[in-house]
Amino acid sequence: MNTIDESEESTLYKILLIDLENCPNQIDKLQQDLVHFSQVIICYAHSGVKIPLDWLVPLSTAVNENKLKIYKMANGGKNSADFGISFFAGALMQESKKRGDFVIVSNDTDLDHVVALLRSQGCSAERIGILKEQKINTVTNCENTLPIKDFCMYLTTNNKNRPAKKETLLNTITSKFKNTNYVAEDILKLLVKNGVLKISNNIVKYYDEKIVAISK
């Protein structure tokens, strides 16, 4: 990792950490990111992203200058990229002498804990997911098919073991649509809008007739 010069003490060290597992499209902005950030860290376990051949030389230069670091997790288990981001965020926080300005690109809300810890140590930090407006449009266009139909089919199959509380339901939606371009909260809003369920005082009530109709 880069060693930060003492003469830069008053300057913020802008650090970008990318969870390529659930934000693969961020790779399209990589060259822009390298202009705006002092250091870019990419973590992934499995990735099929592709880059243009024209990028090879500038990216190789960025790697050689230690401005760009790409880490494939040795063990590709669940959340492995998240653990990588957490590790490198902590290491860079120590190195930046609390002058770090961290941006984490991920749709995984668990990384908000990392953001909170960075802030508690005097760093600037935020997590950015894929633009919510883009996702809302994607979900709305699929309102009567995917993901609403898919989730209604899930509810039909698991009619004896449905989430009883809003938080559990959101976790279930997140798990089912992981590695897609859907946001759990947006799907939940559409489920309510389509009369699939109702939430009152954090308790979920399901409407079987509507669930069966949409799932067909």
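The values are calculated or read from the model by the stated rules, or taken from the named source; none is laboratory data. Computed from a predicted model, the values in this text were never measured in an experiment. Heads up, the Cβs are rebuilt from the backbone with ideal geometry, glycines too, and the neighbour counts pull from every protein chain shown.
Just checking, how many residues over segment 24-80 are assigned to a helix (DSSP H, G or I) and surrounded by fewer than 16 Cβ atoms within 10 Å (Cβ to Cβ)? Final tally of qualifying residues: 17. Within segment 128-145, the set of residues being under 30 Å from Gly84 (Cβ atoms) and either at pLDDT 90 or above or part of a loop (DSSP other than H, G, I, E, B) (or both) comprises Gly129, Ile130, Leu131.
When you look at Ile51, is it in the same structural domain as Asp101 (by TED's automatic domain parsing) and under 21 Å from Leu117 (Cβ atoms), yes or no? Taking the combined requirement at face value, the residue does not satisfy it. Taking the numbered list (1) within 17 Å of the chain's Cα centre (by Cα); (2) crowded, with 16+ Cβ neighbours inside 10 Å; (3) at pLDDT 85 or above in turn, Asn171 passes all entries but (2). The residues of segment 81-127 that are of a type in the set (Gly, Ala, Ser), surrounded by 17 or more Cβ atoms within 10 Å (Cβ to Cβ) and part of a helix (DSSP H, G or I), listed by number, are Ala81, Gly84, Ser86, Ala89. Taken over segment 109-124, the criterion of being modelled with pLDDT of 90 or more and hydrophobic (A, V, I, L, M, F, W, C) is satisfied by Leu111, Val114, Val115, Ala116, Leu117, Leu118. Among the conditions (1) at pLDDT below 85; (2) more than 25 Å from Glu21 (Cβ to Cβ); (3) part of a helix (DSSP H, G or I), Asp186 misses just one, which is (2).
If you check Lys198, Lys166, Lys193 for being among the basic types (Lys, Arg) and crowded, with 16+ Cβ neighbours inside 10 Å, only one passes: Lys166.
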